[in-house]
Each structure stands twice: as C-alpha cells, then as structure tokens.
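The values are calculated or read from the model by the stated rules, or taken from the named source; none is laboratory data. Computed from a prediction, not measured in an experiment: that's the story for all the values here. Heads up, the Cβs are rebuilt from the backbone with ideal geometry, glycines too, and the neighbour counts pull from every protein chain shown. Ligands, DNA and RNA are stripped out before the accessible areas are found, and what is left, the full protein with its side chains, is counted by its heavy atoms. Shrake-Rupley method; radii C 1.70, N 1.55, O 1.52, S 1.80 Å.
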Amino acid sequence: MDIATLIGLGGALAMIVGAIMMGGDLLAFVNIPSIIIVLGGTLMCALTMQRLHVVLGAIKVAAKAFTDNLDPAEDLIERIVTLSVRARKDGMLALEREPIGYPFLAKGIRMAIDGSTPETIKAVLATEMASMRARHERGQAVFKFMESTAPAMGLIGTLIGLVQMLRTMNDPSTIGPAMAVALLTTFYGAILAFVVCGPIARKLENRTSEESTLMRITLSGVMAMVSGENPRSIREQLLCFLAPELRPTDEEEGG
Amino acid sequence: MDIATLIGLGGALAMIVGAIMMGGDLLAFVNIPSIIIVLGGTLMCALTMQRLHVVLGAIKVAAKAFTDNLDPAEDLIERIVTLSVRARKDGMLALEREPIGYPFLAKGIRMAIDGSTPETIKAVLATEMASMRARHERGQAVFKFMESTAPAMGLIGTLIGLVQMLRTMNDPSTIGPAMAVALLTTFYGAILAFVVCGPIARKLENRTSEESTLMRITLSGVMAMVSGENPRSIREQLLCFLAPELRPTDEEEGG
Amino acid sequence: MDIATLIGLGGALAMIVGAIMMGGDLLAFVNIPSIIIVLGGTLMCALTMQRLHVVLGAIKVAAKAFTDNLDPAEDLIERIVTLSVRARKDGMLALEREPIGYPFLAKGIRMAIDGSTPETIKAVLATEMASMRARHERGQAVFKFMESTAPAMGLIGTLIGLVQMLRTMNDPSTIGPAMAVALLTTFYGAILAFVVCGPIARKLENRTSEESTLMRITLSGVMAMVSGENPRSIREQLLCFLAPELRPTDEEEGG
Amino acid sequence: MDIATLIGLGGALAMIVGAIMMGGDLLAFVNIPSIIIVLGGTLMCALTMQRLHVVLGAIKVAAKAFTDNLDPAEDLIERIVTLSVRARKDGMLALEREPIGYPFLAKGIRMAIDGSTPETIKAVLATEMASMRARHERGQAVFKFMESTAPAMGLIGTLIGLVQMLRTMNDPSTIGPAMAVALLTTFYGAILAFVVCGPIARKLENRTSEESTLMRITLSGVMAMVSGENPRSIREQLLCFLAPELRPTDEEEGG
Amino acid sequence: MDIATLIGLGGALAMIVGAIMMGGDLLAFVNIPSIIIVLGGTLMCALTMQRLHVVLGAIKVAAKAFTDNLDPAEDLIERIVTLSVRARKDGMLALEREPIGYPFLAKGIRMAIDGSTPETIKAVLATEMASMRARHERGQAVFKFMESTAPAMGLIGTLIGLVQMLRTMNDPSTIGPAMAVALLTTFYGAILAFVVCGPIARKLENRTSEESTLMRITLSGVMAMVSGENPRSIREQLLCFLAPELRPTDEEEGG
C-alpha cells in the first residue's frame, strides 16, 4: 500500500487545520454555501467538460492510486529472465501452461505461442500501451481541469460576497466579518486546487509513467524472447531501464 | 443525448444563482452595460481573430456536442468484424451493396472496392483524419480564445468603473455600491471564461479525441480487411483500442 | 475584403467607449502621458527584441490581413484539376504558356516543365512552405510579444502613479483622482494587449494556417500531376483537405 | 551595428524616466536597498541555477548582440553560388586556396576537399548547428530565468516593506511614504523583467534563429556543391530560404 | 566543487536578511506557524504527488549537484581519442585491461569487446541515456512541483490570517500587526519558490543536459571506434560538441 500519499494528503490538511486552530475557532472557517459553490461548481464544470463515467472513473482510479502499488520493475525483469531461460530450453510452447503473473506479459507470450509474427506482437502491444496512456491521460485531465477550475470558482464566490457586502456598507462593523466570509471561497478553492486536485493529478501522471516503463520493459523482453536472445543478454538490456543503484550487479552510472 | 453536459452547465449556473439568492437580491447582480461589455467585447474580439463563419461554426459545433453522441467504439468494431467476415467469404466486392452505416468506414471500403492500393487508401483516410482534427481545432481555438479574453474584458470593465468611482469620491456612502457595480464585469468575465467557454473548449477537445479514436479504429480495420486478415485477429487488434473493462472477452490489463 | 475583422476590432473599441460614456465623461479616460508610456514603451521594447524592418513588416502584414482575403481552397482545387486534365491530354509542356494564376502552383509546374525530378520539386516547395511559415511566425511573434509587454508597461505606469500619490498623501480629497489617473495605464495596457495585439496575433496565425493548407494542397496536386495520376483521383485526394460541407459531391463525414 | 536595439532599450527607459519627471521628483524613485535586493537577488538566483561562466557568457553574448550584425543571407547565397561556379569548372580542389570568408562554409568545403563523404560532412555540420543552438539556448535560458525571477524578487522586497510598515502603523501620515518605498521593489522588478531581460532574451532567440537559417543555407549549399549540382539550380534552391521580396528575380509568393 | 551555486543561494538569502535588518528587527519576520504551514505543507503535497523515496532522492541529488562537478567534456574527448589510437593499433581487445575511468564509456567498450553488434551497443547505450534522463526528470519534477506549490501554501496561510483578522476587527490598532503576520506566509512561500526550489530545479535541468552531452559524446565516440574510424577524424567529430572557444585547434564558429 502506498501509504506516503495518504500521509501527504492527510498531513497537509492537518497542518492547515492546526494553523487555523492556533489562531482561533475552526468553525469560523466552515461555511456550507461556500463549500457548495466551490466543490459543487467545480464538479459541475467537470461534468460539462467530460462524460459522467469518465469523471467517476477518474475518481475511482485516483482512489486506487492511493491504495495499491505497482509491482517493482526488478521482479518483472527477473520473471522475464526466468521465462526466457525456460523458453530457450524447451521452446515458447513450454510457457503455455506456465502461470505468467503479469497480464500484459501474458498477452505477449500467448501471441508468440499462437504464432503471431514479431511485427504483429509489437504492433498489438504498442497499441495497448498507447490506449492505456490515452485512458489514463483522460483521467488526469479531469483532475487538472478541477485544479484550474477550483480557484476560479473560489474567485466567483468571493466576488459574490464582495458585491453583496459593498452594496450594503452602512455599518462599518459588519464589513470585516462579511469580507472574512467572502474570502472563504477563495480559501476553499485554493485548498481544493493546490492541496487536493493538483497533487493527485501529478500522482496519477507519475503512476502512468511507471506503468509505461513496466510495459516498455515487457515489450522489450517479449521481443528479445521471440528472437531467441540469450537470457543473460536479455537481463542486461532490461536492467538499463532501472536506476543504477537498483541493479543487482554493481555497475556505475555513466557520466 | 449527452445529458451530463447540460446538467453540468445548468448545475454550475444554478449553484451560482443559488449562492447569490441566499445572500440577497438576484437583481443586484444584473447590470446590462456590464453584460454588454463582457459578452459583446469577447465576441467582437473573437471576430477580430477569426472569420465570421468559423466563429458561428464553432458555436454550432458546440451546440451539436451538447445534443448528440458519438457511436460507441464497441459497435464500430463489431460492424467492422461482421463486414470482414463477409469480405473474406465473398470478396470485397460483396460489400458493394451493403449499407455500411459509418461514412468514414464506407469511404475506405468504397476505395478498396474501386481498386485503390492500400497505400492510397491509407493516405486518403489519414488526410481526412488530419483535416477533421484541423477543422475541430479551429473551433476549439475560438472557445479557448474567448476563455482567455473574457476575464480581460471583465478587467477592462472593472477598471472603467473604478476610474469613474475614484474621480468623484466626494460622498463616501456611494463608494461601496459603485465598486460593487465595477466588480460585476469581473464576475461576468469569470463566469463566461471558467463556467462556460473553458469547459466547452475541453468538451470539444474530448469529442475530437473520441472521434479520432473511432477513425483510427476504422483505418486499422480497413487496412486489415484489405490485406485479408483473419476476422478473429482483426477483432483482437481493434479491441486493444478499448479499455480492458469494455472488451467482451475478459482480458486483464497489463501493468 | 475580410470585413469581419474590422468590425470585430471597431466593435470592441466602440463598446468600451460606449461603456465609458454611459458612466460619464470620455475625456476623463484620455491621458497623454499614460498613452505614451504604454504605447511608446511597448513599441520600444518590440524594437529591442526584433529588428526595425521586422517590426514594421509585422505591422504591414497585419494591415494586409485586414484588407485582403486568400483565395478559397475550392477554386485552387478546381484549377489544379483543370490543369491536370490538360497535362494528361497534351503533356506537362502544354502548360508552359498557360496562365496558372497561383504563383506557388506556377513555380511547381515550371519546375516540372524544366525537368526537375519529383524529389527536387518536393524539396524546393517544402523549403518555400517552411520559410513562409518562419517569416510569418516572426511577424506573429512581434504581436505576441506586444500582447505580453503591454500589460507590463501598464503596471509600470500605474506603479509610477501610485508611488507619486502615496508620497504626498496629505490631502485625502486628491487620493481618488490621482489613483484614477494611475489606473489609466493599466486600462490602456489591457486594451492594447487583449483587444488589439492578442486578436491580431491569432488572426495572423489563422491566416498562416490557411495559407499552409493552400500550399499543402498545391504540393499534393503538383506531385500527383507529375506522377501522371488520373484527374478524378487527384480531385478526390485534394477534396479531403476541405470540410465535408464544402465538397461538391455529397460525402458524409466519418465518425 | 544593430542600432535599433539600443534605441529600443534606451527609448523605453527614457519614457519611464520622462513619465516620472512629469509627475515629480526622479530621486523619489531611487532607493538603493530596493535596487540591491532586486538586481542583486536576481543575479544571485541566476548563479544558483547556472555556472558562473555561463551567466557571464550570456551577458557577453547579449552585449555582442547589441553591437554587431550577422551577414545578410543574400551575400552568403551569392558567395556559395560563386564558389560553386568555380568548383564546377576547376573541381573542389580549386577552392583550397580561395579565402572563403564564412567559417562554417569553410569547414564544409575543407571537409569536401579532404575527401569526407557527403554523409560525414552532413553529420558534422549538423552537429555543429545543434551545438550552436544548445549553447545559445543556455544563454537565453539565463535571461528568461532572470525575466521570471525579477518580479518575484520585487514581490519579496515589497512584502518586506509592507510587513515593516504594518507592524508600526501608529502614525497614519507615515503610511503613504512607507508604502511608496515598498512598491519601488515591485517597480524595479517589473522594469528589469519586462523592459530589460525579456526583450533581450527574445532578441537572442531571434539572432539564434537567423544564425540557424544561415547555417541551413550553408549546409544545403555545400551538399549541392558536393553532388555537383548546376550553380543556377543551387541558387534557385537557396533563394527559397529568403522572403520573396528579397530575391533578385521577381517571383511572387505562393498563396 | 561548484561553489557558485552555494554563493548564489547564500547570497540571495543574505540580501533578503540584510534588507530586513536595514528596516528593523529580523525577529519580526520569524513566525514558526507560518514556516510550518509553508514548508511542511509544501513537503506534504510533494509526498502526495510522488513516492517518499523519489522525494528524498530528489533532495539527495540536489545536495550532490551543489557539491560536485561533472568532468569537463574536453577531458572525455581526449580520453576517447587516446583509447581509439590504442584500439586502432592493437585492436579493441587491447582495451580489456585498460582502466577506462568513465563508467558509461567503459560499458560501451566492454560491450564492443564482448562482441555485441554496433546496433545492440547503440540501443543499450541509448536506453541508458533515456533512463538517466527519465530518472533525473523525476527529481526535477519534485522541485518544480514545490516551486508552484509553495506560493499556493503561502496564499492559504495568508487567507487564514486575513479571515481571522477580519472577523475580530474591533480594535483598529491590531489590524496592522495581524496583517503583517498574515503576509509572512506569502513571504515565505515566495522565498521557498523563487529563491530555493525554482533555481535548484533549473540547476538540476542544466546538470542533466550537461550529462546528456557527455553521454552523447561517448556514444558517438564508441560508435566511431567500433567502426574503426581514424582517431584524428573521431577527434574532429567529437570537438563539434564543444563551443568553438573550448576547442584546442583555433577554428572560428560559422555564422
């Protein structure tokens, strides 16, 4: 479980709440209409820009990103190398009953067993990668859109408050509190944008980039297996995708 | 009908109206000159930057995006597979009288029947895709331009109000209401930009990207039909364009 | 004549003037030193960033964009098809005395008559297209630069006014009018940037993109003529560059 | 000498000084600590982001850009054509003792004389072009960085002034002058960013792009000479890099 | 040691402290809750967007960038030339026991000795380069994210302070000091973003670009050695990566 992201989000919110409570009353920062206009308005605009199921899908994917982790690339490489040893000894067909463990790798190997040409395997796996990226980017786009819309909704709410306050400025003692309430929507907009949606959008981007690396490793590995390369050389090639400090053999990084 | 976008736009505006009415009088937020300067000024600037028929076309396309939906990719794939079964059994000519249903697919098949080479078919369909994208991007550019111009017109209107207020600041009791009116153009500019034009521009982008996917599926399908591929393998290849959860067979996604 | 752009620019300025006159005196918005600092400063900065003849050239090109129109792509396609019919019947040499009408098309045809290879014709026409784009982008860059510099000059002018006002704040009744004058440079900067330079920069971009389409149609047409393609098939290929609703035959668009 | 840039920079600063003097005392806008924090802080941040010799090199290159001009492309083309006439008559070796005048052209010709293959000549000249661009972009990046850092340093300085003023707000008559001083750092930051660093960064970009065009012309010319093309055809090809109005023969531009 | 970056960061902070002390008490600018909300909140958001080990890795890499320097490209080129002389005389195998000194170069040479084909060597070294860039960009992304998040946390903190101040505005004499404290988070956010994270992110970018150049030189050099090119010609080719003034022979730069 990727607990750091939960700590990050929870910690940032806790710091904000803590800062509020040091200076006074937390309830003074809770204003239901302001929350509705910022949170509701941002979600409504997201519905305008994208279909309902994509918006819900983006939220579901984000929740998933918080709770489970990708397999480490080291394990994937070891698995590919083990399978390539087997394939070299007994032929690709020997992998037919093998539980592969990685669905994308399994797809490539099944195609090879079914006799698809290397070009077809490469084209099919590359299409899979491209449509995975396109799907994920669609979800990230929802969060990036909410990141840029939330401060705008905050501004709109604050303008409503300011206009109402300015029109009835007869009692100076009410100006301060009215303006405080008006500023709350800006405050909510900033939190929704910069503490919630922005970091989640980037988190999803990072996850997509990690998944892409795993898929690129798999693609290189399947291509190498199909062309019957030496397992030691396959391993060497795939390890280049890892940071030098993660590689089992102690190579130094170029530079 | 893509009702979610109507709900999104209507809901966001309803929330803003609701927030205003909770705090006072809705009419205080209606100021005809401010609406003219923001809405009219933004449209005038759009006319400066693009021909009249493109601006009108963009508005028409946006309206269309709200009312009708694209065919689902699953149906297109099933249609291509059905046609490829027929073509494999009876030859491409057998498709001559077949109602194809999808104009872009029909164009590719007609070219194949007419004996165009695969390279020509690919080149013509790719030009069609590229000019569809170029046309759509021209429309999106109008909405993106209005998204960035509307807050500027709001600022210009607010500056006009502020300058007029500051020049005649002899009666302090009039400052508040005058400033409230001055802020209304900023308020309209923000709504026009962030609630209307921005989400619509992104909606059109998403629609273009979905249409591109449908066209890419069609292009791949026609190419595969022309080279006489196995319908089962065509299906397999085209399904890679779908999200794993939309595929009829239960494949797991790689990663 | 592209009258819409004149209407757009004139209309936006008229709306701003109208909004000012509804609220008071137009002369209160005229301040010569503020105009000098915003307009003069922006032009001076443009001189720093680009040679005098490019800045002047950009202004001349912009003026041209307001007064004349490109030929419609439909006419160009018909002309190419007519010429290809002639060339197919009587050979390319038959076009030697033909008035071509389109200089870029004429250049391609003259090279074909002179016996240049298709590769050379393609390379020369592509270089022409690339240097047309580079030249136009240099002009657009001047307007984009002025679009981002004008608000900065407005800010600088407003800061000068504010500093002078704040230093001598002994008579409160002068604060308002002094601040009104200080805000005028921001007002001019916003108009110069968002009503004038921004839309013109985008107008020029759109024009370049239309010219590129015309040149791409020409290039495709010349290549097809040189390789002796069937005029009907040339027409079919070139029509793909047009929006479906502009094509003479009633094809439906894919989707 | 490229005098327009000096006029641009000098003129913009003169206009700002003029605007200040029309409204009062120039000395009121001179505040040594504010200058130190904006200018010094921006330079210090530039040192953090890039090595000392690159920062100094960028300033040296900028100074050079103000004082000398590139050779006109027309002259370069004529020189290449003259040399190609000679080479066609007497062979490439005849150019051995010829003073070439353009170092980059000289390098290409020397390689051809030394018997390098066209592929090697192309690869070496392309590497030269790419590293010229990389070097220049490094210098431009310093000015772009200072353009975005200067307003931030201005904001930091203004915040320091505001905090100090707000803490000791017992005498209202001191508020104005204190705030005026606080605003001066914002004022300096805006001038440093938008009048000095921004235009210079763009000036350097334009110069790089002109130098690239000269190098592209040279590369095309050398390749054509090596493959023994007809001087008239070389001239024709190279003239495509120029704007139509700069070409000796009166061709019209395509459109 | 790259001492300029330490001077840059230290100097910028010293200037800010100096400016504060000239105007009053340094302690007035220290506010522990404000520091916690800006620094802690920014770090927490970084944790949300990226795994803990990447965030820590980015900080470690940044620290490394401050303390050590890359080898100069001139030395790398001389080393490659020396090795190529040896390889040409005694064969690639003669380099087997040679201490290479540069790990990335060593990897390429070892592959050549092991009999890998030029294509494999190129592919493996290119994968290494691409994953080096991807790793470094991940670290830079952390600093860029903090650069854009820090001002947002500053704004959130300032809004908290403003809302609390505005709600209890009964004693005017407390408004100034309360607002001064509220502005401190904006001040900290600006320093963290524009003086610390921004320049460090760009510093890391510059370092990655220098490392890429070294790797590109190595890749070109190894390819040339493997194809048995003349050492003098290898040297000539590699020197093109250097600025003309760094090249031992006195070539002039093209232009």
>> So the check is Cβ under 6 Å with 6+ separation or different chains; which pairs have a first residue in segment B:65-94 that's closer than 24 Å to B:PRO244 by Cα and a second one that's surrounded by 12 or more Cβ atoms within 10 Å (Cβ to Cβ) and of a type in the set (Lys, Arg)?
In response: B:VAL81/B:ARG235
>> Looking only at residues that are open to solvent by 30 Å² or more (accessible area, probe 1.4 Å) and modelled with pLDDT of 90 or more in segment D:34-51, which one is nearest to the chain's Cα centre (by Cα)?
In response: D:LEU43
> Just one of D:GLU78, D:GLU98, D:GLU119 is over 30 Å from the mean Cα position of the chain (by Cα), among the acidic types (Asp, Glu), surrounded by fewer than 21 Cβ atoms within 10 Å (Cβ to Cβ) and part of a helix (DSSP H, G or I); which is it?
Replying inline: D:GLU119
> Does A:LEU159 count as facing another protein chain (nearest Cβ under 8 Å), over 27 Å from A:THR67 (Cβ atoms) and open to solvent by less than 20 Å² (accessible area, probe 1.4 Å)?
Replying inline: yes
>> Quick check on my filter: what residues within segment A:81-95 are surrounded by fewer than 17 Cβ atoms within 10 Å (Cβ to Cβ), hydrophobic (A, V, I, L, M, F, W, C) and at pLDDT below 90?
In response: A:LEU93, A:ALA94
> Any chance segment B:165-184 includes a residue that's open to solvent by less than 40 Å² (accessible area, probe 1.4 Å) and polar (S, T, N, Q)?
Replying inline: no
>> One residue is enough: does segment C:106-115 have a residue meeting the conditions free of Cβ contacts under 8 Å to residues at least 24 places away in the same chain, open to solvent by 20 Å² or more (accessible area, probe 1.4 Å), not in a helix (DSSP H, G or I) and not aromatic (Phe, Trp, Tyr)?
In response: yes
> How many residues are facing chain E (nearest Cβ under 7 Å), of a type outside the set (A, V, I, L, M) and touching a residue at least 24 places away in the same chain (Cβ under 8 Å) when one looks only at segment D:35-58?
Replying inline: 3
> Given the conditions (1) loosely packed, with under 14 Cβ neighbours inside 10 Å; (2) facing another protein chain (nearest Cβ under 7 Å); (3) modelled with pLDDT of 90 or more, and given that A:MET22 satisfies all but one, which numbered condition is not satisfied?
Replying inline: (3)
>> B:PHE194 - would you say it is aromatic (Phe, Trp, Tyr) and either open to solvent by 10 Å² or more (accessible area, probe 1.4 Å) or on the phi > 0 side of the Ramachandran plot (or both)?
In response: yes
>> Checking the condition among the aliphatic types (A, V, I, L, M) and out of contact with any helix residue (DSSP H, G or I) (no Cβ under 7 Å at 6 or more places or on another chain), which residue from B:ILE20, B:ILE37, B:ILE32, B:ILE16 passes?
In response: B:ILE32
>> If a residue counts only when it is farther than 22 Å from D:GLY40 by Cα, within 14 Å of chain A (Cβ to nearest Cβ) and not β-branched (Val, Ile, Thr), which helices (runs of 4 or more DSSP H) contained entirely in segment E:162-239 have at least 3 such residues?
In response: E:175-190, E:198-226
> Of the residues that make up segment E:188-211, is at least one under 20 Å from E:LYS122 (Cα atoms) and touching a Gly at 6+ places or on another chain (Cβ under 8 Å)?
Replying inline: yes
>> Let me confirm something: among B:MET179, B:MET153, B:MET165, B:MET132, which residue is touching a Cys at 6+ places or on another chain (Cβ under 8 Å), touching a residue at least 12 places away in the same chain (Cβ under 8 Å) and of a type in the set (A, V, I, L, M)?
In response: B:MET153
